[in-house]
Amino acid sequence: MYQPRMPITSADEVRAVLGTPFQNQLNKIIDHIDEHCAAWIARTPFIVISSISAHGAMDVSPKGDPPGFVRVLDPNTIAIPDRSGNHRGDTFFNILENPSVGIVFIIPKRREVVRVNGLATLARDPDILNQMAVNGKTPDLALIVHVQEVFFHCGKAMIRSGLWEPERWGPIDGLPTYAQALRDHARSVDTVEVIQARIDQSETERLY
């Protein structure tokens, strides 16, 4: 296992590398969903949620749906639907042990993102779930997040990566398929073709 030769082990060392923070970057954090953040969330089709268990096990999970799938219930609360997935429930079990979550809201073609940090609970309130129905199907449960911090994050990561610039995208030839990786990592006795057929069915018949 690689061991750094020049590790950084203190906050002072980190600050020496980063330099003095810009004042507006310290002041930009707000504690509620204002009109700017509400407009952003209403146009967001893709988010990433981070959570952590009581024992420090991390999970970062993507969620996607039609724009506006995350609902702003009030300036201090958002609701995130859960759709049919892999039945693992990593985020849910983490939240039961440690309610802290971090969320990144991503809008295609926009370089910036919005970040929300807060405390989450799991809920099955019918009035909330009914608001988030798609194709006539309501989610089985929702994450209710009580907002503690909200802020816009600059677009440098998107600019550097060229994420929204197709001409800068690298080739995908030679990458393993999901079915290939799943077969090897899970040490499955099923063939790649059988696993791929299940994936195809899931992606067409189990979206909602």
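The values are calculated or read from the model by the stated rules, or taken from the named source; none is laboratory data. Worth saying up front: this structure is predicted, and the values here are computed from it rather than measured. Note that each Cβ is placed from the backbone with ideal geometry, even for glycine, and that neighbours are counted across all protein chains shown.
Return yes or no: is Leu182 under 30 Å from Cys37 (Cβ atoms) and surrounded by 12 or more Cβ atoms within 10 Å (Cβ to Cβ)? So Leu182 fails the test. Of all the criteria given as (1) within 21 Å of Ala42 (Cα to Cα); (2) surrounded by fewer than 16 Cβ atoms within 10 Å (Cβ to Cβ), the one not satisfied by Asp140 is (1).
Residues of region 105-151 that are closer than 18 Å to Ala38 by Cβ and of a type outside the set (A, V, I, L, M, F, W, C): Arg110, Glu112, Arg115, Asn117, Gly118, Gln131, His146, Gln148, Glu149.
Taking Tyr208 as the residue in question, decide whether it is more than 21 Å from Ser50 (Cα to Cα), among the aromatic types (Phe, Trp, Tyr) and at pLDDT below 95. When the stated conditions are applied, Tyr208 passes them. Scanning region 100-135 for residues that are touching a residue at least 12 places away in the same chain (Cβ under 8 Å), part of a loop (DSSP other than H, G, I, E, B) and either in contact with a Ser or Thr (Cβ under 6 Å, 6 or more places away or on another chain) or surrounded by fewer than 17 Cβ atoms within 10 Å (Cβ to Cβ) (or both) turns up Ile107, Pro108, Lys109, Arg110, Arg111, Glu112, Arg124, Asp125, Asn135. Of all the criteria given as (1) within 26 Å of Pro67 (Cβ to Cβ); (2) outside the structural domain of Ile33 (by TED's automatic domain parsing); (3) out of contact with any helix residue (DSSP H, G or I) (no Cβ under 7 Å at 6 or more places or on another chain), the one not satisfied by Glu149 is (2). Beta carbons closer than 9 Å, at least 6 apart along the sequence or on distinct chains, pair a first residue in region 149-161 that is more than 18 Å from Val101 (Cβ to Cβ) and free of Cβ contacts under 8 Å to residues at least 24 places away in the same chain with a second that is surrounded by fewer than 12 Cβ atoms within 10 Å (Cβ to Cβ) and not acidic (Asp, Glu) for Ser161/Arg168. Restricted to region 2-16, and to residues there that are of a type in the set (A, V, I, L, M, F, W, C) and under 24 Å from Glu149 (Cβ atoms), the residue that is surrounded by the most Cβ atoms within 10 Å (Cβ to Cβ) is Val14. Counted as qualifying within region 1-94 are the strands (runs of 3 or more DSSP E) with 1 or more residues that are under 20 Å from the mean Cα position of the chain (by Cα) and among the polar types (S, T, N, Q), namely 46-52, 58-64, 77-82.
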